[in-house]
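The values are calculated or read from the model by the stated rules, or taken from the named source; none is laboratory data. As the structure is a computational prediction, the values presented were derived from the model and not from experiment. Cβ coordinates were reconstructed from backbone atoms using ideal geometry, including for glycine residues, and neighbour counts include every protein chain displayed. Surface areas here come from the heavy atoms of the whole protein model, side chains and all, with no ligands, DNA or RNA. Shrake-Rupley method; radii C 1.70, N 1.55, O 1.52, S 1.80 Å.
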Amino acid sequence: MTCGGLISICERCNEPDLARALSDALLRHAMVSEVVTYSALISTYEKGKQPERALELFNAMQRQGVVPDVITHNALISTCEKGKQPEQALELFNAVQRQGVVRNVITYNALISTCEKGKQPDRALELFKAMLPQGLVPEIVTHSALISASEEGKQPGRALASLEALQRQG
């Protein structure tokens with residue numbers, strides 16, 4: 001079994017503390033060098049609602065010279081969602097673009113949801129509009145987050161428009 005496999009088990013079993021002990025040992029012995037392993041650890045912290053640890057690990061990853069990919073960034077943005085940190089999520093979102101990593105619909109879903117949880121419905125709508133010219137097709141998750149953001153912002157017209165767009169999409 002690989003290090004990534006052990007970390008994935010921790011993630012599936014929602015054992016962020018065990019993942020932390022494992023990652024500390026792996027980092028101490030310089031055994032973590034792959035973006036996949038780092039991303040799995042970050043995802044474990046995201047699911048365990050430990051955004052500080054996820055960000056610490058992300059910083060360690062960068063110090064090691066491991067280049068994050070879109071999966072890493074998506075996990076970090078989702079971590080910010082759980083911590084209701086839309087500004088931090090937007091910084092990460094912009095970093096993805098600066099690093100030349102192609103953002104995908106999951107990236108946008110995570111950020112729109114973060115804005116919804118952070119009570120920023122206008123920003124959620126801006127992001128939704130920004131994803132369309134890139135050829136990204138909104139999913140049910142996208143529309144659900146946008147509808148929730150519209151509800152939070154007391155904008156029923158936007159919520160209805162998103163629901164109608166979802167119905168047209170099929």
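Protection proxy ranking of 73-86, 119-132, by the mean of other Cβ atoms within 10 Å over each peptide's residues and highest first, is 73-86, 119-132. Listed values for the stretch 112-128 are Karplus-derived 3J(HN,Hα) couplings in whole Hz (6.51 cos²θ - 1.76 cosθ + 1.60, θ = phi - 60°), namely 4, 5, 5, 5, 4, 5, x, 6, 10, x, 5, 5, 4, 5, 4, 5, 4, and x replaces Gly and Pro. Between ARG168 and VAL137, the contour length at 0.36 nm per residue exceeds the Cα-Cα span by 9.9 nm. Length gained on full extension, ALA95 to ARG63, computed as 0.36 nm times the residue gap minus the Cα-Cα distance: 9.9 nm. Residues in the stretch 20-153 average 47 Å² of solvent-accessible surface per residue, probe 1.4 Å, ligands and nucleic acids excluded. Note on LEU18 and VAL35: the model spin-label points, each 7 Å out from Cα along the C-beta direction, lie 2.9 nm apart. Net charge dipole, the stretch 73-141: roughly 60 debye, given to the nearest 20, about the Cα centre with Cβ charges of +1 for Lys and Arg and -1 for Asp and Glu. Counting only lysines at least 8 places from LYS82 when in the same chain, those with an alpha carbon closer than 19 Å to its own are LYS47, LYS49, LYS117, LYS119. For the stretch 85-91, backbone phi angles converted through the Karplus equation (6.51, -1.76, 1.60; θ = phi - 60°) give residue-by-residue couplings of 10, x, 5, 4, 4, 5, 4 Hz, Gly and Pro being listed as x.
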